[in-house]
Each structure stands twice: as structure tokens, then as C-alpha cells.
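Participant: This is the structure, below, for whatever I ask next.
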Amino acid sequence: MRTPYARPSTASRRATHDPVRRALRLTPARIRPPRARGRRASRPCRRPGRTARARGQWRARRRVLRRRSMSGDGPVVPFHQFVLKVHSRCNLACTYCYIYRSPDASWRERPARVSDDTVRRTAHRIAEHTAAHRLSRIRIELHGGEPLLRGPEPVIAYAEAVRRAVSAVTTASTVTPVSPATEVTATVQTNGTLLTRPALDRLAAARIRVGLSLDGGTPALNARRTDHAGRLSWPAASRAARLLAEEYPASYAGVLCTVDAATDPDEVYGSLAALRPPAVDFLLPHAHWGGARPGRFRPRPTPYGDWLARAFDLWWQSPDGVRPRVRLFTEIVALLLGAESAAESVGLSPLAAVVVDTDGSIEQVDSLKTAYAGAPGTGLDVTRNSFDEALRHPGIAARHLGARALADECLACPVLRVCGGGNYAHRYATDSGFRHPSVYCADLERLIRHAAGRVAEQLPSVLTRTQSTHVL
């Protein structure tokens, strides 16, 4: 019987000239083979159909997930990241916002701001979960809408409530704190328009880091980010970026940037790097098989893959001292080198994030709002339910299945372990669910193969750099 590490055949050894397999240090003997004879491993996926058979398969899979989640079978990965909604309204009207311009309009029915009672109950539930799973570190991310609409005080109060609850929690079997050393890191994600020096002083004193949402580092690149009167947000946001870089670098968490394939990646990357963020997170615009896909076609061209490949080269060639950590790129390189993923957008690691809305509802990640109305909902809330109950929800359990939750086309693909099927919301198809390749499948493969080629060219130096400075 051939073992996973058996010496490959001559044909297999030739196949390792593929930069993806070379960078992964994998031979075809260690890659799951295609399901059907004659199917090419890199065959582009087809657009999911809306057939009765597909709908039946999805319903059957949902039943299996429900039984598995309720019975406790399968891996259980506790939540480490808690996205806490401070305010459900925003002072901007960005043209691509997935909160206010998606099929899910549940924000209209939610309180505009979180109540003190919900803050207290949420903090208790987080502490309860932290104690039950003996977590040494958790992250809380304070979101909106725009979380600073009422100033920094509600954000600070929420973070302090969680920290107090986590430090004081006990279990039924002990009378001393379970994990007094549990670290709670807090970040507020803001559009930057309401950030002032006094606000940053307060946030820094409360040990809350600040992430900015921008589309680039120029007024033109941020033209889609306007207020409700159509005025550009850039003047105020750019002041916030300069303040963070120059006066509050320890509080600067980084920049989230949604990719627009119509822009010049050189201009976007260069202008963002000039703002001196410690990190940049490039996000693909939310889309799926059942809705509009901006500039997206199959199998070619790959506008987003080409854009990101160029941005990858700019990042890869930058000197270490001026290179921001680009989360998507560092995750891909780490996966190519055999590490586990810590991001939702790539890799096969279980999702470890959960959302608490302003009314205390426990929800799945916000990106699911783009699929259909109610998609992120669980029917749970912090008043009646624990986060352990949320872990058993079928939708969340599906995110813990790894490759078992992926489409057959994904299982046959040589970049599976790196791609991981892409963002879960990008796999959705009307009437047949989420068991499909990402609508950005070809773009992701383009980026991953490009990155693999670069890693393969410099593998010894990359390994040395990774082991010594952890840049990658």
C-alpha cells in the first residue's frame, strides 16, 4: 500500500515543477486526487446550477450538519474573536457597503446603539466562554455602523466591561479566577471621520487600537466613500491617518481596503504605504453566484487576481523597514510554507469569530448579509444563550468542517489547502447554498500560483527571514 510519503513516480516528479506544489513541498501523492477520471485538477469550476438535484443535496447536507452540531460530533473550536456592535448606524453612505446595501436589512430593526444591559450581558457571556475553554487570549473588535458616532466613551465602556468580566470570572469548581492572565486585545474599526486628538488620547489610554477603512491614500481613490450629502470623507479620514501614524503609532492597527479592479494597484498600494500603516488588509468586494459580480467573469480574465498579483509584487519587493504587513499575502505565504491560516478569506482553519449586534443577537459574520435576508442569524442572543450554544448552530458548525464542506471542484484542486474555498459568503448560490467554489475562484488561483512562484524563487531566503524576524 502506497503511503502518503511514498517516493513519487517519474510522472509525479515532473509534476512538482508546478510552483504551487514546489512551494508547498507537496507531490501529487500527497494531494487529494480528482474525483473523476480524466478531470483536470485545475479545471475551472462551472457556475452553480439551480436544479432540483442541487437543492436536494443542499437540504440533505443541512440535515447532516444539524444532526452533527446538535450531537456534538466533530471538532469544536471555541471563539477567539468577538465582533461587538456599538452602533448600528453610519455617517457615511459608501456605494459598496455590505451592511446597508445588501439583501439583509435587519439593521433597520435593531437599536441604533447598544444598551448598558446588553453590554453587561455580552461581557458575562464572553467571560463564561473564555473560562469554559481556558483561553489565554481573545480579541474584541468594536464595530458599527460607525462605532464612534457617540464618541469614544461607549467603545471604551464596552471594552472595559469585557476586560473586567474576563479577569473576574470563576468556574463552578473553583473560587479563584480561571485565567487571570487571559489577554483581551481590543480594536475599534472606524471610517476615521470622527477621530480627533482627544478621542485618540482616550482610546490610547484605554489600550484600544484603531483600524481605518479606506480605499487608498488619495481623494480620487476614496470617491466611493461619501457622507449622506455626497461629500467626500477623505479630508477627515486623511487627518485621522496622519494623526495615527505621526502621534499614535502604538494605537495604529492598520487599514482595511476593498479592492476595486478598475484602479491602479501601484497607485493604491503606494498611497496606502505612504500613510505608514503597520498592516493592510485587502478585501475582495462581497459577491456570490446569485448576485452581481463586479468585473467578474469565468474562467478569464481574472481582474482581481491580476490586481492582487501586482500588489503582491510591490509588497514582496519592498524593503522590510517600510513594508506593511498585508494580511492576505502573509497568510498565503504562510500557508505555502505549511502553516495554518488565521484568516477567513484563505486556508482551511475553522472560523473562530462571532458577532453580537446592538440588541444582543448572536450572529455569524456580517459578510453573509450579502447572500440573503437573515443569512447571518442564529436565533440566539446573549440574554438566553451561551456562546457554546452558538458553536453548535448548523451554520457555524459548517465553518468547522474544513475540506469536508467544500465543493467537489475544490477538492480536486491543487491549491485547495491554500485557497480553502475562499470567503464563505462568496460561495453562495441561490437555492443551492454554499457548497460551491468561490465566485472569485479563478482570481484566487491566479494570486496563489503567482505567490507560489515568487516563494519558490527565493525559498531559502524566505525560510531564513521567517525563522529570524517573523516578517512572513
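Participant: As I understand it, the dipole of the range 75-398 uses +1 on the Cβ of Lys and Arg and -1 on the Cβ of Asp and Glu, about the Cα centre. Which of V280, Y304, A250 lies farthest toward its positive end?
Facilitator: Projecting each Cα onto the dipole axis, the largest value belongs to A250.
Participant: Sticking with this structure for a sec: Run through all the Cα pairs of the range 248-402 and give the fraction in each 5 Å bin from 0, expressed as whole percent.
Facilitator: With 5 Å bins starting at 0, P(r) equals 1, 8, 14, 16, 17, 17, 13, 9, 5, 1, 0.
Participant: Does anything in the range 325-362 have its amide N under 18 Å from the 7 Å Cα→Cβ label point of T383, and if so which residues?
Facilitator: Correct set: 356-362.
Participant: Just report the Cα centroid separation between the range 376-404 and the range 77-91, whole Å.
Facilitator: 15
Participant: Determine, for L275, L214, L194, the number of other Cβ atoms within 10 Å of each Cβ, and report the residues in order from fewest to most.
Facilitator: By the 10 Å Cβ count, ascending, the order reads L194, L275, L214.
Participant: What residues have an amide H closer than 5 Å to that of L401, excluding those fewer than 5 places away on the same chain, when H is modeled at 1.01 Å from N in the peptide plane?
Facilitator: none
Participant: With a 10 Å radius around each residue's Cβ, average the other Cβ atoms per peptide and rank 348-357, 321-330, highest first.
Facilitator: 348-357, 321-330
The numbers here are math on the coordinates, done by the rules we state, and not lab data. Fair warning: this is a prediction, and the values are worked out from it, not measured in the lab. Don't worry about glycine lacking a Cβ; one is built from the backbone with ideal geometry, like all the others, and counts go over all protein chains shown.
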